[in-house]
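**Q** Take a look at this one; I'll ask things after.
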């Protein structure tokens, strides 16, 4: 049965716009991947509301409002001068001031920051909080650097970035390679340059100077809250489930913590060197000591638990589990990994990292009817709690842990509900990718239309 001309025209037009994005942004595969996922999953919305095409919302939303690239010179402990490249892409402010993390990692480049910033638009929209989308960072590797070297780098980075920030303009936070230590150095330099204690200008701060309870735990906790809502749709819970969590940084650690609190058992975590498998369940206190205090590798877990197995350069997705949560980096879980997980009986996957599953992997999960939570929805807890920190800073107040965690839980439940309802409304029940993209896009697009051509 043939499709209507209008349907063909809309799909063809989306393809043409996407092709132009690729042409104008060469050698940025991560950005292309993120744009393609959004564009082609919102076609049902565009068919129902062609005004979004008429108003050129797709062409407008893929162009950042501002792109900042700058030199970051610094001196190491030996007196040697180094030069890194800094980025801040202020993508969209239709819903509020720019909001998004800073990533310090050697893999950072323009395309990576653009993909992260583009995803951030819709992630922030889904929280239903007044924040726009942005992302930033530098191709600097904090690994192996002294505290002094990291401080000098952060001070140099903020010396340029500060002029673009403000609690009503752009509010960065942490990401990979940027934790409480780096946020402290960045905020200190901002305060030094501006002569203002403007607490709301950056989030992820220490509790002593305006930080929020639960901020450290937020992304991991939020991920588990989202998965818990997905599991309810098949009358399941975390109780008694075996889970595999890739990564061993902030997101992974607090994903493990919340799973254990809800009765599940995480049996494996990883880092870039390999993974550890502990059939008795990961020793969370030891993992925290190794990673947060001593900044060591996961292989150092083994001397404390001789029964555990360390597999260098191993593929963590080969371990049979009920629930798989990729929390390390983009495109870490491919088609072969997905097929292996499905074969081993996985019932749910959700993205703790940004775009950790390849498109081919997602197709495998969809075909197998495995529950799948996309990152822009499932890992929204971090930015949600950042926005709660902004709210506390604006009111010059502080909330306790229990109160803040409860607000985070309600936000994640709201994200799930909005994704689920949008998926049902547009004919894709239980497809949380379609639901997240439609719901996230629609809110931003409507605001852009109301604000005129800006």
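The values are calculated or read from the model by the stated rules, or taken from the named source; none is laboratory data. If you're wondering where the values come from, they're calculated on a predicted model, not measured in any experiment. Ideal geometry is used to build each Cβ from the backbone, glycine not excepted, and the neighbour counts take in all protein chains shown.
**Q** Residues that are crowded, with 21+ Cβ neighbours inside 10 Å and outside the structural domain of residue 181 (by TED's automatic domain parsing), at least 3 per element: which strands (runs of 3 or more DSSP E) completely within region 236-342 meet that?
**A** Answer list for region 236-342: 242-246, 265-271, 323-326.
**Q** Please enumerate the residues belonging to region 84-110 that are surrounded by 15 or more Cβ atoms within 10 Å (Cβ to Cβ), free of Cβ contacts under 8 Å to residues at least 60 places away in the same chain and over 27 Å from residue 444 (Cβ atoms).
**A** 85
**Q** Here is a further query. Which of the residues spanning region 343-354 are assigned to a loop (DSSP other than H, G, I, E, B) and either at pLDDT 95 or above or more than 16 Å from residue 247 (Cα to Cα) (or both)?
**A** 344, 345, 346, 347, 351, 352, 353
**Q** Which residue out of 449, 362 is surrounded by fewer than 24 Cβ atoms within 10 Å (Cβ to Cβ), in contact with a strand residue (DSSP E or B) (Cβ under 7 Å, 6 or more places away or on another chain) and in a helix (DSSP H, G or I)?
**A** Just one listed residue meets the conditions, 362.
**Q** I'd like to know if region 40-50 contains one or more residues that are under 21 Å from residue 110 (Cα atoms) and either out of contact with any helix residue (DSSP H, G or I) (no Cβ under 7 Å at 6 or more places or on another chain) or surrounded by 15 or more Cβ atoms within 10 Å (Cβ to Cβ) (or both).
**A** Within region 40-50, none of the residues are under 21 Å from residue 110 (Cα atoms) and either out of contact with any helix residue (DSSP H, G or I) (no Cβ under 7 Å at 6 or more places or on another chain) or surrounded by 15 or more Cβ atoms within 10 Å (Cβ to Cβ) (or both).
**Q** Would you confirm whether any residue within region 139-154 is under 29 Å from residue 63 (Cα atoms) and surrounded by fewer than 23 Cβ atoms within 10 Å (Cβ to Cβ)?
**A** Scanning region 139-154 turns up at least one residue that is under 29 Å from residue 63 (Cα atoms) and surrounded by fewer than 23 Cβ atoms within 10 Å (Cβ to Cβ).
**Q** Does residue 180 qualify as being crowded, with 24+ Cβ neighbours inside 10 Å and under 16 Å from residue 101 (Cα atoms)?
**A** Criteria not met by residue 180.
**Q** Run down 176, 113, 183, 81 and say which single residue is within 28 Å of residue 271 (Cβ to Cβ) and without any contact (Cβ under 8 Å) to a residue 24 or more places away in the chain.
**A** 183
**Q** Between 393, 406, which is surrounded by fewer than 24 Cβ atoms within 10 Å (Cβ to Cβ), touching a residue at least 24 places away in the same chain (Cβ under 8 Å), in a helix (DSSP H, G or I) and not assigned by TED's automatic domain parsing to the domain that holds residue 228?
**A** Testing whether each residue is surrounded by fewer than 24 Cβ atoms within 10 Å (Cβ to Cβ), touching a residue at least 24 places away in the same chain (Cβ under 8 Å), in a helix (DSSP H, G or I) and not assigned by TED's automatic domain parsing to the domain that holds residue 228 leaves just 393.
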